[in-house]
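Beneath this line is the structure, given in structure tokens, with notes to follow.
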Amino acid sequence: MTLSLPRTITHVLLDLDGTLTDSAPGIIASLRTGFADAGFAVPAEEVLRTFVGPPLGASMTGIGLSPADADTVITAYRRDFEVHGMIGGNSVFPGIPEALAALRDAGVTLLVATAKPQHYAKQIVEHFGLAEYLEGGLDGVHGAAAESAGLVQGKEVVVERALAHAVALGAGAGQVVMVGDREHDVHAAAHHGVATVGVAWGYGAPGELEEAGAAAIAATPEELGKLLTS
């Protein structure tokens with residue numbers, strides 16, 4: 001079921017990987033290292049690309065790894081990611097800062113809701129200067145818990161926390177929208193009755209967002225700003 005966009009949008013929950021930042025190069029390089037260092041065959045490039053965005057534990061078990069093996073690979077991946085992939089293989093998509101500034105200046109409250117572990121998400125948001133656009137700065141970043149390497153925490157859990165924050169900031173019923181590039185963004189938001197605007201510049205497969213039920217698709221960051229403020 002596709003949820004319609006609210007007539008008035010006051011608060012927006014933003015995905016991070018594939019929406020605000022082009023993180024695939026760093027994540028994929030660190031995944032290759034992680035699989036190899038843990039003693040496992042490295043999956044094909046097209047498989048590794050599907051890992052960008054969803055919770056890593058779910059992606060690992062999705063290709064047949066046991067929870068224990070997934071934990072081993074993720075631990076090795078994170079060792080490399082923290083040093084090389086998190087910042088060095090990452091960048092902000094062109095047009096994103098301008099779109100965020102326009103939304104903020106239009107009175108829209110912005111928060112981040114990402115399946116990436118929260119401590120990584122905050123470091124990335126801070127490094128790339130995106131905190132200034134978020135309500136409360138880094139306090140506006142909501143990511144997954146990281147109690148264990150292979151923890152599978154669904155995106156709906158993160159969206160729930162970000163949505164509660166939005167409500168605490170004054171969001172009314174039906175005034176919050178999710179923005180993301182993958183089907184799990186759409187499904188997680190819909191679980192809480194929130195519509196999603198998909199972004200075409202991310203890592204979703206052709207037709208993925210439409211099939212998942214995205215209310216609209218933005219082709220560019222500039223178009224995203226217009227969709228959310230029109």
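The values are calculated or read from the model by the stated rules, or taken from the named source; none is laboratory data. Note that the structure is a prediction, hence the values are computed from the model and not measured. Because the Cβ atoms are built from the backbone with ideal geometry, glycine has one as well, and the counts that use them run over all protein chains shown. All accessible areas refer to the heavy atoms of the entire protein, side chains included, with ligands and DNA or RNA removed. Shrake-Rupley method; radii C 1.70, N 1.55, O 1.52, S 1.80 Å.
Within the range 150-164, does at least one residue satisfy the condition of being within 30 Å of SER66 (Cβ to Cβ), more than 17 Å from the chain's Cα centre (by Cα) and in contact (Cβ under 8 Å) with a residue 24 or more places away in the chain?
Taking the range 150-164 as the starting set, the residues that turn out to be within 30 Å of SER66 (Cβ to Cβ) are 150-161.
Add one more test, that the residue is more than 17 Å from the chain's Cα centre (by Cα), and what stays is 150.
Okay, now just the ones that are also in contact (Cβ under 8 Å) with a residue 24 or more places away in the chain, so 150.
Taking every residue of the range 150-164 in turn, at least one turns out to be within 30 Å of SER66 (Cβ to Cβ), more than 17 Å from the chain's Cα centre (by Cα) and in contact (Cβ under 8 Å) with a residue 24 or more places away in the chain.
Conditions: (1) of a type outside the set (Val, Ile, Thr); (2) open to solvent by 50 Å² or more (accessible area, probe 1.4 Å); (3) at pLDDT 95 or above; (4) under 19 Å from THR21 (Cα atoms). GLY193 meets all but one. Number of the miss?
Of everything listed in (1) of a type outside the set (Val, Ile, Thr); (2) open to solvent by 50 Å² or more (accessible area, probe 1.4 Å); (3) at pLDDT 95 or above; (4) under 19 Å from THR21 (Cα atoms), GLY193 misses just condition (4).
In the range 200-229, what count of residues is obtained for those that are closer than 19 Å to THR10 by Cα and among the hydrophobic types (A, V, I, L, M, F, W, C)?
8
Residue check, LEU3 against (1) under 22 Å from the mean Cα position of the chain (by Cα); (2) modelled with pLDDT under 95; (3) of a type outside the set (Asp, Glu); (4) surrounded by fewer than 18 Cβ atoms within 10 Å (Cβ to Cβ), all met but one. Which one?
Evaluating LEU3 over (1) under 22 Å from the mean Cα position of the chain (by Cα); (2) modelled with pLDDT under 95; (3) of a type outside the set (Asp, Glu); (4) surrounded by fewer than 18 Cβ atoms within 10 Å (Cβ to Cβ) leaves (4) as the failure.
Six or more apart or on different chains, Cβ atoms under 7 Å: show the pairs whose first residue is in the range 114-128 and in contact (Cβ under 8 Å) with a residue 12 or more places away in the chain and whose second is charged (D, E, K, R).
Cβ pairs passing all conditions: THR114/ASP15; THR114/ASP17; ALA115/LYS155; LYS116/ASP17.
GLU210 passes all but one of (1) touching a Leu at 6+ places or on another chain (Cβ under 9 Å); (2) of a type outside the set (S, T, N, Q); (3) without any contact (Cβ under 8 Å) to a residue 24 or more places away in the chain; (4) open to solvent by 40 Å² or more (accessible area, probe 1.4 Å); which number fails?
It fails just one condition, (1).
So which residues in the range 102-119 are part of a helix (DSSP H, G or I) and surrounded by 18 or more Cβ atoms within 10 Å (Cβ to Cβ), if there are any at all?
Within the range 102-119, ALA102, LEU103, GLN118 qualify.
Only one of (1) surrounded by fewer than 21 Cβ atoms within 10 Å (Cβ to Cβ); (2) of a type in the set (S, T, N, Q); (3) in contact with a Gly (Cβ under 7 Å, 6 or more places away or on another chain); (4) within 18 Å of VAL179 (Cβ to Cβ) is not met by ASN90, so which one is it?
Tallying (1) surrounded by fewer than 21 Cβ atoms within 10 Å (Cβ to Cβ); (2) of a type in the set (S, T, N, Q); (3) in contact with a Gly (Cβ under 7 Å, 6 or more places away or on another chain); (4) within 18 Å of VAL179 (Cβ to Cβ), ASN90 fails exactly one: (4).
Out of curiosity, is HIS127 modelled with pLDDT of 95 or more and open to solvent by 50 Å² or more (accessible area, probe 1.4 Å)? Before the answer, list the steps.
Values: modelled with pLDDT of 95 or more: yes; open to solvent by 50 Å² or more (accessible area, probe 1.4 Å): yes.
Yes; evaluated as a whole, the condition is true for this residue.
Take LEU13 and decide whether it is of a type in the set (A, V, I, L, M, F, W, C), in contact with a helix residue (DSSP H, G or I) (Cβ under 9 Å, 6 or more places away or on another chain) and over 30 Å from ALA106 (Cα atoms). Quick ask: steps written out before the conclusion?
Working: of a type in the set (A, V, I, L, M, F, W, C): yes; in contact with a helix residue (DSSP H, G or I) (Cβ under 9 Å, 6 or more places away or on another chain): yes; over 30 Å from ALA106 (Cα atoms): no.
No.
From the list VAL167, VAL158, pick out the single residue that is of a type in the set (A, V, I, L, M), open to solvent by less than 10 Å² (accessible area, probe 1.4 Å) and either modelled with pLDDT of 95 or more or not in a loop (DSSP other than H, G, I, E, B) (or both). Full working, then the answer.
Working: VAL167 fails: open to solvent by less than 10 Å² (accessible area, probe 1.4 Å).
Residue meeting the stated conditions: VAL158.
Among the numbered conditions (1) surrounded by fewer than 16 Cβ atoms within 10 Å (Cβ to Cβ); (2) among the aliphatic types (A, V, I, L, M); (3) modelled with pLDDT of 95 or more, tell me where ALA145 comes up short.
All conditions are met except number (3).
Could you list, in sequence order, the residues of the range 173-183 that are open to solvent by 30 Å² or more (accessible area, probe 1.4 Å) and not polar (S, T, N, Q)?
So the first thing to find is which residues in the range 173-183 are open to solvent by 30 Å² or more (accessible area, probe 1.4 Å), and the list is 173-175, 183.
The answer is ALA173, GLY174, GLU183.
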